[in-house]
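Asks: Take a look at this one; I'll ask things after.
The values are calculated or read from the model by the stated rules, or taken from the named source; none is laboratory data. Remember, predicted model here, so these are calculated numbers, not experimental data. Note: ideal-geometry Cβ built from the backbone for every residue, glycine included; neighbour counts use all protein chains shown.
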Amino acid sequence: MDVGVTSATTVFGMSIRENARDWARANWDPAMPVREWWQLLADERYSLPSLPEHAGGRGYSRQEENEVKRGLGDAGVLGPPGGIATMMAAPTIADHGTPEQIERLVAPILNGTSSWCQLFSEPGAGSDLAGLQTRAERDGDEWIVNGQKVWTSLAAGTDYGMLLARTDPDKPKHSGITWFAFPMQQDGVDIRPLVEMTGQAFFNEVFMDDTRVPDANIIGDLNDGWRVGNTTLAYERGSLAGAGVELPFARAGSSSDELDQPAGGFGLRTEGGPRPQVGAAPTAVRYGEYAGKLGLDDPARRDARVRLYIREEVNRLLGQRSRSGAVPAIGNLGKLAMSEIARMKREAGNLSIGALGMLTGDDAADGPGNGEVQATTLHSPAPSIYGGTDQVQRNILGERFLGLPKEPGPAKTTPFRDLPKN
Ligand SMILES: Cc1cc2nc3c(=O)[nH]c(=O)nc-3n(C[C@H](O)[C@H](O)[C@H](O)COP(=O)(O)OP(=O)(O)OC[C@H]3O[C@@H](n4cnc5c(N)ncnc54)[C@H](O)[C@@H]3O)c2cc1C
C-alpha cells in the first residue's frame, strides 16, 4: 500500500543516517564545550537540516531530518539545539525574513547561542488570536510596544520573542497585525512565572511596558503578521504532530549556563526540565514492562496498550508526511491525534501501574519508569490546548478544508477599533 511515505531505510535513509553517524563519531569529543559542538553541527548543517539551504539547513524533509537525528543518536552524541527557536522561529524567519535577518537571527539559533519564546496568546486572545490588543507604535526607526501576553512557555532568560502586535487598529482585525523579532532582554519586560499542576513553572505572563523593537526586526511586511503568524503556527502544529527522535539535550540561549559545560554530560530531557529516562522502546511496550513487573497484566490492560501502540505508530507515519505537503491539513490532523494520544497514554499508563498512579513527587519517581506515567498524567490536558485547542483545529478543518460555513460575526472589513473586544 502506498501511504506516501518513502521508506527512509530502503531508499535514502541509510546513507543519511550513516553519514550523520560517521560524521558525528569523527568530530565528537565529550569533553568539548556544548557551544563548540553546536557550532560544528551548525557548520555541517546538521542543527536543523529541514531548513532550506539559504537559511543554513540542507533542505531535507522531516523524515530525512529524523534520519540525521537517528545517526547522531547512533553515535551517542549531544543533540542539536532544540525547543521553540528551532521548532518555530527559525523556519518562520527562513520563509519570510530577508537575507540580512536570516544571517542575524537564524544563524545564532543554529549554533545554540540564541533562544526564543512565542508571544502570541493574550488574556483575551487565545483561540481568537486575531483579537490581540498588544500595541506597537512607530517611533522613528523603532516601535514602542505595550501590552500583556500569557501562557508564554519558557520565556525566562530568552533572547527573543516571536511577537504578534497590533500596528494598525484602523485596519480589519486580521490585517493590522505585525510579526516582530522582539528583544526580551530589555527594561520594561516583566516575566512572571505561572506554576502548573505538574509543579513546574513552564509558562509565564509577560508584560511589556514601553518596550522597544527595531523596525529592522519586522519579519515579513508591516501589517502582514497574520500571514507570517500562520506560518509559525503551521510549523508548531506540524512539529507537535509527529513524533521526533529524542537525543540528549542541553539548554540553548545566551543566558544558558550549559553552553560552556562538557557536551558529554547531558541526558534525555525536555526543555521544561528533567524527564524520566524512558529509553527508546515505544510507550506501550514500556508500559507493558511496568505491568508485567507489577503482576498487573490482563487482556483488558493489554488491549489499551495495543490501541495506544497502533495510534502512536499511525501518528508517527502522519508526522513523516507533515512537511511533505502530501496531505492538506495534516498538521491540524496530527495535532488532534497528538492530544488524543496524550489521553490514551494516561489511560493505558494508569491501567498498567494501578494504584501506583496516585503517587506524586519523589514517591512517584521511585516507581516504574521513574514516575513516567504520573508525569504523563499531569501533563495530559496540555496538548489539547497549546498550539490551538482541539476545537479550534476542528473549526479550521471544517472551514478551510471541508468548505463548511464560517461562524457568524461582524463583517471582515470592520476596522479592529470598532469591534467589540474580548
Ligand atoms: C502548556 C501550554 C503552553 C502554551 N504555550 C504558549 C506559548 O508559548 N505562547 C503562546 O502564545 N501561547 C501559549 N499557550 C496558549 C495557547 O495557545 C492557548 O491557551 C490556546 O490557544 C487557547 O486559548 P485560551 O487559553 O485563551 O482559551 P480560550 O480561547 O478562551 O478557549 C476556552 C475554551 O473555549 C473553546 N473555544 C474558544 N473559541 C472557540 C470556537 N470558536 N469554537 C469552539 N470552541 C471554542 C476552546 O477550545 C477552549 O476549550 C500555551 C498553552 C498551554 C496549555
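Asks: Could you give every pair whose Cβ atoms fall below 6 Å, whose first residue belongs to segment 392-405 and is under 13 Å from Lys335 (Cα atoms), and whose second residue is within 10 Å of the ligand (Cβ to nearest atom), counting only separations of at least 6 or pairs across chains?
Replies: Note: pairs meeting the criteria are Val392/Ser127.
Asks: Give, as residue ranges, the strands (runs of 3 or more DSSP E) completely inside segment 109-210 that count at least 3 residues that are more than 23 Å from His96 (Cα to Cα) and free of Cβ contacts under 8 Å to residues at least 24 places away in the same chain. Walk me through how you get there before you give the answer.
Replies: Values: elements: 116-119, 135-139, 142-153, 160-166, 177-183, 189-194.
It comes to 189-194.
Asks: Being within 16 Å of the ligand (Cβ to nearest atom), in contact with a Leu (Cβ under 9 Å, 6 or more places away or on another chain) and either acidic (Asp, Glu) or assigned to a helix (DSSP H, G or I) (or both) is the requirement here; does Ala89 meet it?
Replies: Details: within 16 Å of the ligand (Cβ to nearest atom): yes; in contact with a Leu (Cβ under 9 Å, 6 or more places away or on another chain): yes; either acidic (Asp, Glu) or assigned to a helix (DSSP H, G or I) (or both): yes.
In short, yes.
Asks: Between Thr414, Thr360, which is away from the ligand (no atom under 15 Å from the Cβ), among the polar types (S, T, N, Q) and within 25 Å of Ser175 (Cβ to Cβ)?
Replies: On the way: Thr360 fails: within 25 Å of Ser175 (Cβ to Cβ).
Exactly one of Thr414, Thr360 is away from the ligand (no atom under 15 Å from the Cβ), among the polar types (S, T, N, Q) and within 25 Å of Ser175 (Cβ to Cβ), namely Thr414.
Asks: Could I ask something else about it? Of all helices (runs of 4 or more DSSP H) completely enclosed by segment 288-379, which ones contain at least 1 residues that are within 26 Å of Val392 (Cα to Cα) and in contact with a Leu (Cβ under 9 Å, 6 or more places away or on another chain)?
Replies: Values: elements: 299-321, 330-353, 361-365, 372-379.
By residue number, 299-321, 330-353.
Asks: A further question follows. Assess whether Gly238 counts as being part of a loop (DSSP other than H, G, I, E, B), away from the ligand (no atom under 12 Å from the Cβ) and not hydrophobic (A, V, I, L, M, F, W, C).
Replies: Details: part of a loop (DSSP other than H, G, I, E, B): no; away from the ligand (no atom under 12 Å from the Cβ): yes; not hydrophobic (A, V, I, L, M, F, W, C): yes.
Against the criterion (part of a loop (DSSP other than H, G, I, E, B), away from the ligand (no atom under 12 Å from the Cβ) and not hydrophobic (A, V, I, L, M, F, W, C)), Gly238 does not qualify.
Asks: Could you grab me the full set of residues in segment 363-383 that are among the small types (Gly, Ala, Ser) and more than 8 Å from the ligand (Cβ to nearest atom)?
Replies: Filtering segment 363-383 down to residues among the small types (Gly, Ala, Ser) leaves 364-365, 367, 369, 371, 375, 380, 382.
Those that are among the small types (Gly, Ala, Ser) and more than 8 Å from the ligand (Cβ to nearest atom): Ala364, Ala365, Gly367, Gly369, Gly371, Ala375, Ser380.
Asks: Residues being touching a Gly at 6+ places or on another chain (Cβ under 7 Å) and modelled with pLDDT of 95 or more: count how many of those fall in segment 260-286.
Replies: Here is the first cut: in segment 260-286, the ones touching a Gly at 6+ places or on another chain (Cβ under 7 Å) are 271, 276-278, 286.
When the remaining residues are screened for being modelled with pLDDT of 95 or more, the result is none.
Summing the residues that are touching a Gly at 6+ places or on another chain (Cβ under 7 Å) and modelled with pLDDT of 95 or more in segment 260-286 gives 0.
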